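Notes follow the structure.
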Amino acid sequence: MIGALFEVILPVFLVLGCGYLAAARNWIPQGGIDGLMKFSQNFAIPLLLFRAIANLDLSHGYDPKLFASYYTGSLVCFILGILGARLIFARPMDDAVSIGFSALFANSVMLGLAIMERAYGADSLAPNYAIVSIHAPFCYFLGITTMEIVRNTKGGVVQTGLSVAQAMFKNALMMAIAAGFAVNLLGVTLPNVARDAMNLIVPAALPVALFALGGILRRYRPEGDMGAVAMVCVISLCVHPSIAWVLSTQVFHLSDGFVKAAVLTAAMAPGVNSYMFANMYGTARRVAATAVLAGTLASLLSVSFWLTILGV
């Protein structure tokens, strides 16, 4: 079992480590790392999600019980993060929302898809793609709506709604997901040339994203606010997968593949989007950045634990 765990997990973290080392030694300057991250987040990963959702069997992957197993935990983690930040660490309300978002937004694509594929093969990813397809819309809608309500107490419902819509539809991932659903539901057949071009880019999505994530993590040195950071890591790495496991196995009795997808995705560290959200509002950026780094390192243990529970 230990050997199998190492075979699944270590290659993913070695790619992360290579990106970290390349940035630390300045083999690739930070501008180059930023370029790789923009390529992966704005082009390669959106194309990966577009292709997956366009070809996904919606009748198989889209199970309400799967979504309930995963996203109930997401909502609980968001609320716990906000309450902990306010009641334990006495953070301002807008800081608390950003900290809650860090506990909410798991690294479901760069780490989640990579580890699931390594553990169970590419054919196991259908429920993961189903979760991922509404992950960014759900998390951003929840986070942005809460933040806009907190910040625009006098702005009214219409102004708050416009702010939420504007922030939502600037996101390349959400546009790609929407386009994938449109192609799937309308039965559109893409030209061979377009499919071939997309197929050239998509294989680079996860390895480039992991490498770039390693380089990005180089700049997030642990400093200050460690109590809040520890809280975020415990919520995201322990509470979320525990809720997903209980609901998927004891309440909804999902199939083995759905249980693995829900629990492993829930066990991922806070994603880089948590820092992007904090940076967008200028709140709790140090907590978000440090939680990404600390959570990614700690996820080596949490993922190993859940892979042992689920079986490799």
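Are there any helices (runs of 4 or more DSSP H) wholly within segment 172-260 with 2 or more residues that are surrounded by 15 or more Cβ atoms within 10 Å (Cβ to Cβ) and more than 19 Å from the chain's Cα centre (by Cα), and if so which?
Numbers: elements: 172-186, 192-201, 205-217, 226-234, 240-246.
Result: 172-186, 192-201.
So which of Gly61, Gly155 ends up being at pLDDT below 90, surrounded by 17 or more Cβ atoms within 10 Å (Cβ to Cβ) and either out of contact with any Cys (no Cβ under 8 Å at 6 or more places or on another chain) or not acidic (Asp, Glu) (or both)?
Gly61
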**Request:** Please identify the pairs in which a residue from segment 119-133 that is surrounded by fewer than 19 Cβ atoms within 10 Å (Cβ to Cβ) and at pLDDT below 90 has its Cβ atom under 7 Å from the Cβ atom of a residue that is of a type in the set (A, V, I, L, M, F, W, C) and in a helix (DSSP H, G or I), counting only partners at least 6 apart or on another chain.
**Result:** Ser124/Met116
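I need a count of the residues in segment 268-297 that are assigned to a loop (DSSP other than H, G, I, E, B) and crowded, with 24+ Cβ neighbours inside 10 Å. Show your work before the answer.
Keep residues of segment 268-297 that are assigned to a loop (DSSP other than H, G, I, E, B), which gives 268-269, 271, 282-284.
If we keep only those that are crowded, with 24+ Cβ neighbours inside 10 Å as well, we get 268-269, 271, 284.
Of the residues in that region, 4 qualify.
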**Message:** List the helices (runs of 4 or more DSSP H) inside segment 20-116, counting only whole elements, that have at least 2 residues being over 17 Å from Phe277 (Cβ atoms).
**Reply:** 30-39, 45-55, 58-61, 64-83
**Prompt:** Does Arg86 count as surrounded by fewer than 24 Cβ atoms within 10 Å (Cβ to Cβ), touching a helix residue (DSSP H, G or I) at 6+ places or on another chain (Cβ under 8 Å) and without any contact (Cβ under 8 Å) to a residue 60 or more places away in the chain?
**Reply:** yes
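The values are calculated or read from the model by the stated rules, or taken from the named source; none is laboratory data. Bear in mind that the values here come from a model prediction, so they are computed numbers and not experimental data. Positions of Cβ are backbone-derived with ideal geometry, glycine not excepted, and every protein chain shown enters the neighbour counts.
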